[in-house]
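These notes concern the structure reproduced below.
Just so it is clear, none of the values below were taken in a lab; they were calculated from the coordinates. Owing to the predicted nature of the structure, the values given are computational and were not obtained by experimental measurement. All Cβ positions, glycine included, derive from the backbone under ideal geometry; neighbour counts span all protein chains shown.
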Amino acid sequence: MTANPRPQLGVCYYPEHWPEAMWAEDAREMVEMGLQLVRIGEFAWSRLEPREGQFEFEWLDRAIKTLGSAGLKVVLGTPSATPPKWVLDKFPDMLAVDAHGRPRKFGSRRHYCFSHAEYRDFAAQMAGRLAERYADNPHIVFWQTDNEYGCHDTVISYSDHARAEFRTWLKEKYGNRSINEAWGNVFWSMDYTEIDDVDLPNMTVTEPNPAHVMDFRQFSSDQVARWDLAQIRAIREHCSKPISHNYMGRVLEFDHFKLGENLEIATWDSYPLGFLEDRSDRSEAFKAQYCRMGDPDFQAFHHDLYRAVGRGRWGVMEQQPGPVNWAPYNPAPKPGMVRLWTWEAIAHGAEFVCYFRWRQPPFAQEQMHTALKRPDNTPYPVCGEIQRVADELKTYEPAAVKADIAIIFDYKSQWAWEVQPQGADFDYFKLVYAYYCAARELGQTIDILSPEHSDFREYDLILAPGLFNISKKLITSLQESNTPVIYGPRTNSKTKDFQIQQDGIARLFNEKVNLNLVESLRPAELVDLEDGGKIHIWNECLDQSSLVSLKKADGTPAMLSKDNLHYIAGWLDPETMKSTLRDIMTSTDEHGECDRVIRTHKSVFNLNYKTQTVEIIG
């Protein structure tokens, strides 16, 4: 699928769930609704190969032909997320193992270990067979590998296969270096004679060595990329059409930037109400206020993240159209919200938005997960919203996002502060998200960048909080950009080997800075700033006099500044964070009554997450 000048709407469809006699009518109704794209196949392995070597592709041939003949473009998924029971019988040790040494069982999905080489190759062979059969099919426009890597906590596995491959990974990383020195194994007599003695960091009496855990987290992430690359290579032997994967919200166990290097398109599955209830740090009052609209920033953050992962090419593969079945509470969206979510994605540059799913199944795990149509084939009211967006898109002029602020987002930092949070409330995603929300509340459109980014001159402000270790290259790029940069807290506080970096802050400024003490704060404890404002969650005590630009009430530094660089010695509360950004930014454009604004090079989108109508003037 080449980049389309006009975004498309689509739907996820499971022809294997419905009588073949329904397919043509379903396809016709999809087109009448304004849908152009349909994803199929990602869970169909048992119907494609009911027994080993017994391939039954003919029904899929007919499904693709039926959908394509109606005018729909097809995204075909590889089915490795749901290996059938006979595959498990073939590879009985392919199951992932949890931190307590218990294997994950058959009976749902994602029941495999990324380190099981035989299943990895077997799944890639199936991807290759599909690619060989459908490489030249005119109805298929791109591929999706697997489904939702990391969903259900399935990245990290403590299997025997993971242990063996982890040892190989360690040998490649350390070579002739001493792993004992790198990890500091002299502590508690944890020295190893050789790497083949290293076990996995689970079921220890107390916490394992943090450097050991950090390496295992990096290894586990690399295994996901390695797994995906096997399928990409198998597809590429036969087909040159783009390949994608559908990521999830706040799934941080693997590095999406690294995995995305080998993919042409990034997609993600957007469930605003489910995510608000299931994986948000917002207060109960906030959740109650937005329970039918979703967090005004959570979807936007992931749109921006996956736009970066896809290097500009991205879309929403699954958009929530109604109540889901997996969150603690599952309300219905307010009327108009599905239209808002769709336009929000398009404003952030989405090439397509696909709704999950066409028809609600009357059976199995997702029978309570609503769709566009009820099990009896009656349309839900949301179909009218989708038809309205389809009509509106006919005159829409798409353009690239125009962001003045960028945030550097680093998966390794997420793992580092999970490994050693030094406080119950310190979470890297939560910290980055707090800065993101503050900038959005100031009317800003934002790019999210990987730590490998090197040119920052196009931005008015760079936010780089909590990066556990910064390369010399990145420090130099930020110093020389002349763009205001905000570091801290905990920025550059560890070495790559996960040891304390004594001069981490000093390296950012090329000035002497002593970090005397860090402390995590209880929820009700606040540190006052001299001119008003608060620090909560995390506080750092610095010894520096010449660079101080903001003080705490006790006279110690709260922020250091030199040229374009700023370091904040703590976690600012939301209002203080917003006022600090406002003071450093060259310009702000707060937007009054509407919740959020997104700017492209041609348009300004005002998004109203409120329950009342607002008027936009100007």
Ratio of alpha-carbon Rg to the 2.2 N^0.38 Å globular estimate for the range 481-521, to two decimals, please. 1.27
Calculated from DSSP H runs of 4 or more alone, at -39500 (n - 2.57) each and per residue, what is the 222 nm mean residue ellipticity of the chain, nearest 500? -9500 deg cm²/dmol
What is the calculated FRET efficiency for E284 to A327, with r their C-beta to C-beta distance and R₀ = 22 Å, to the nearest 0.05? 0.95
Explain nothing, just the number: dipole magnitude of the range 8-393 about its Cα centre with +1 on each Lys and Arg Cβ and -1 on each Asp and Glu Cβ, in debye rounded to the nearest 20. 680
Say the dipole of the chain comes from +1 at the beta carbon of Lys and Arg and -1 at that of Asp and Glu; which of P321, P381, G101 then lies farthest toward its positive end? P381
Using only Cα atoms, what is the ratio of the radius of gyration of the range 206-344 to 2.2 N^0.38 Å? 1.22
For the range 497-618, the Rg and Dmax computed from alpha carbons only, in angstrom: 18.7, 54
Once Rh is set to the Kirkwood radius over Cα pairs, what Stokes-Einstein translational diffusion coefficient, in µm²/s, holds for the range 405-584 at a temperature of 20 °C and a viscosity of 1.002 mPa s? 133
Can you give the relative contact order of the range 328-476 as a percent, counting alpha carbon pairs under 8 Å and 6+ residues apart? 21
Among the lysines, which fall within straight-line cross-link reach of K494, defined as a Cα-Cα distance under 18 Å, with same-chain neighbours fewer than 8 residues apart omitted? K412, K472, K473, K512
What's the longest piece of the chain with no exposed GluC sites (Glu not before Pro), counting a site as exposed if DSSP puts it in a loop and it has at most 14 other beta carbons within 10 Å? 262-451
Taking trypsin sites (Lys or Arg not before Pro) that fall in a DSSP loop and have at most 12 other Cβ atoms within 10 Å as cut points, what is the longest piece of the chain between them? 178-393
Of the cross-linked pairs K241/K610; K258/K578; K430/K562; K65/K90; K65/K394, which ones have a Cα-Cα span greater than 30 Å in the structure shown? K241/K610; K258/K578; K65/K90
How many angstrom separate the Cα center of the range 191-218 from the Cα center of the range 1-59? 45
Between D197 and S240, what length in nm is gained on full extension when 0.36 nm per residue of separation is reduced by their alpha carbon distance? 11.1 nm
Express the relative contact order of the chain as a whole percentage, based on alpha carbon pairs under 8 Å and six or more residues apart in sequence. 11
Taking every DSSP beta bridge that has both residues in the range 405-584, what percent is antiparallel when rounded to the nearest 5? 60
Over the range 8-393, one equal point on each Cα, no solvent: what is log10 I(q)/I(0) by the Debye formula at q = 0.07 Å⁻¹? -0.34
DSSP-loop chymotrypsin sites (Phe, Trp or Tyr not before Pro) across the range 345-386, with at most 15 other Cβ within 10 angstrom: F363
